[in-house]
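Asker: Handing you a structure now.
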Amino acid sequence: MISFKTVLSGFYWRSSFCKLLKQSTRPLTMSSIEIGKKAAATAAVNDWLKDNQKVGIGSGSTIVYAVERIAERVKNENLKISCVPTSFQAKQLITEHELTLSDLERTPELDLVIDGADEVDKDLVLIKGGGGCLVQEKIVASCAKDFIVIADERKDVKKLGDNWKKGIPVEVIPMAYLPVKGKLESLLGGEAILRLAKSKAGPVVTDNGNFILDCHFSDCMKDDWYKVNLQILATPGVVDTGLFVKMANKVYFGTTDGKVTTRLPNSN
């Protein structure tokens, strides 16, 4: 006769085995993704940050690690660095880490910009703007001698849209969003969707007071992002796009085990 203790013991081991099986088949955890972000950010700051630089600070979750590393090096090496933010979030990070805050009026020419990306293709074309800061990010990046991108390995793709399914962000003047939406859909195919806020009724409003259209274009338009970008920019009411074409000097990708790979323009 099987004892009650034996039944409980068997149940315990079956339960433990099931838990282990579930754990082994889970997708990448956030902690492993964060390892990649931190590795990319740390490597980029170590390679590029020098004394007496004027540095543009990007936006997004990976930038947090870059600012942390910049602050460490400033403190440990007594570096003199001034930082120009690309967003309210970036400004907060700079002040929280007691770094010297500047702006483009005082420092219109930058030595370096470090920023993240929503996706990077094999030609170093970027999608940015998932956080709604695309215009400031592009302006600041355009003022730098070197534009360095940091991201985890999920952002590394052969073609834009392989992983990022939210479309190309396009910032538009509020009064023009419907005409722009119609023109882009007619010109490039697909659908342009007004980005709605999650914590309030109505659309997302950028730091510049504008709206964002997330554009999903037909496949035939995805072979020449340079041309697509120019066509969008030529549409009255468009402020700028989340396509960063021929801008990045180097991209750092961090893996879940803390390793870092890099990519240069035309390195494929």
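No value in this document is a laboratory result; all are computed from the given coordinates. For clarity, every value in this text was computed on a predicted model and none was experimentally measured. Here the Cβ positions follow ideal geometry from the backbone for every residue, glycine too, while neighbour counts run over all protein chains shown.
Asker: GNM on the chain, C-alpha springs below 10 Å: top fluctuator among K122, K165, K198?
Answerer: Among K122, K165, K198, the largest GNM mean-square fluctuation belongs to K198.
Asker: In nanometres, what is the gap between the two model label sites at E105 and N266, each 7 Å from Cα along Cα-to-Cβ?
Answerer: Reported label-point gap for E105 and N266 is 4.0 nm.
Asker: Any idea how far the Cα center of segment 198-264 sits from the one of segment 65-115, in Å?
Answerer: Going from one Cα centre to the other spans 23 Å.
Asker: What base-10 log of the normalised intensity I(q)/I(0) is obtained for segment 168-239 from the Debye formula, alpha carbons as equal point scatterers, at q = 0.19 Å⁻¹?
Answerer: -0.72
Asker: What are the equivalent ellipsoid semi-axes of segment 204-268, built from the alpha-carbon gyration tensor (square roots of five times its eigenvalues), in whole angstrom, biggest first?
Answerer: The equivalent ellipsoid of segment 204-268 has semi-axes of 28, 18, 12 Å.
Asker: Based only on the alpha carbon positions, what is the Kirkwood hydrodynamic radius of the chain, in angstrom?
Answerer: For the chain, the Kirkwood estimate is 20.3 Å.
Asker: How much length is gained on full extension from A197 to D223, taking 0.36 nm per residue of separation minus their Cα-Cα distance?
Answerer: 6.3 nm
Asker: Separate question: Select from I35, I212, I63 the residue whose mean-square fluctuation is largest in a Gaussian network model of the chain (Cα-Cα springs shorter than 10 Å).
Answerer: Maximum fluctuation in the GNM of the chain, among the listed residues, is at I35.
Asker: Also, quick follow-up: Just grab the label-to-label distance for K122 and V205, each label 7 Å out from Cα along the Cβ direction, in nm (one decimal).
Answerer: With each label placed 7 Å out from Cα toward Cβ, I get 4.4 nm.
Asker: Using a Gaussian network for the chain with springs between C-alpha atoms less than 10 Å apart, which of these wobbles most: K38, K128, K91?
Answerer: Among K38, K128, K91, the largest mean-square fluctuation in the Gaussian network model of the chain belongs to K91.
Asker: I would also like to ask the following. Mind pulling the angle between the C-alpha long axis of helix 61-77 and the longest principal axis of the chain? Nearest 10 degrees, somewhere in 0 to 90.
Answerer: Between the helix axis and the principal axis of the chain, the angle is about 80 degrees.
Asker: What list of ³J(HN,Hα) couplings, whole Hz, do you get for segment 86-101 from phi and the Karplus terms 6.51, -1.76, 1.60, once you set θ to phi - 60° and write x for glycine and proline?
Answerer: Listing the rounded values in order: 9, 6, 4, 4, 5, 4, 4, 4, 4, 6, 5, 9, 6, 8, 6, 8 Hz.
Asker: Once the Cα gyration tensor of segment 114-245 is diagonalised, what are the square roots of 5 times its eigenvalues, in whole Å and ordered largest first, as equivalent ellipsoid semi-axes?
Answerer: Semi-axes from the Cα gyration tensor: 22, 18, 14 Å.
Asker: Give, as a single signed number, the net charge of other residues whose beta carbon lies under 14 Å from the beta carbon of T62, with Lys and Arg counted +1 and Asp and Glu -1.
Answerer: Result for the local shell: -3.
Asker: Let me ask something additional. What FRET efficiency would be calculated for the residue pair E77, K259, taking the C-beta separation as r and a Förster radius of 41 Å, to the nearest 0.05?
Answerer: E between E77 and K259, to the nearest 0.05, is 0.95.
Asker: Would you mind working out the magnitude of the charge dipole of segment 168-239 relative to its Cα centre, with +1 at each Lys and Arg C-beta and -1 at each Asp and Glu C-beta, to the nearest 20 Debye?
Answerer: Its charge dipole is roughly 240 debye.
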